[in-house]
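Everything on this sheet refers to the single structure shown next.
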Amino acid sequence: MANSSSATKRARQNEKRRRHNMAMRSKARTYVKGVLAAVANGNKEEAQKLYTTALPVIDNMVNKGIIHKNKAARQKSRLNKMLRAMEA
């Protein structure tokens, strides 16, 4: 437990930030799962639409420092690869 008032405040701020980051991370995962579900169902148009909405969300998470830029690049690359495989 924090011993000083500044440490107590910092603990409150960290908890608030942690909850916010968890919500943002969950939001990004939800968008990715939507694309994966559309790909699994074979719905190419829906998957493409969800992919275009998921890209800015993923990039936003990188800009806010919630996920690493390489993870975002990997996710986007894998999703794009799945979409291209549906066309073939």
With charges set only on the Cβ (+1 for Lys and Arg, -1 for Asp and Glu), what does the dipole of the chain come to about its Cα centre, in debye to the nearest 20? 520 debye
Summing +1 per Lys or Arg and -1 per Asp or Glu among the other residues with Cβ less than 11 Å from LYS44's Cβ gives -1
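Suppose the chain between ARG17 and HIS68 were pulled fully straight at 0.36 nm per residue; how much longer would it get relative to their current alpha carbon spacing? Walk me through the intermediate numbers first.
Details: separation 51, 0.36 × 51 = 18.36 nm, distance 1.70 nm.
So the extension gain works out to 16.7 nm.
Based solely on its DSSP helices, what 222 nm [θ] is calculated for the chain when runs of n ≥ 4 H residues each add -39,500 (n - 2.57) and the sum is averaged over all residues, nearest 500 deg cm²/dmol? Working shown, then result.
On the way: 3 runs with 76 residues, N = 88.
Taken over the chain, the calculation gives -30500 deg cm²/dmol.
Values quoted throughout were computed directly from the atomic coordinates according to the rules given, and no laboratory measurement underlies them. Everything quoted here is computed from the prediction, not taken from an experiment. Cβ sites come from the backbone with ideal geometry, for glycine too, and all protein chains shown count toward neighbours.
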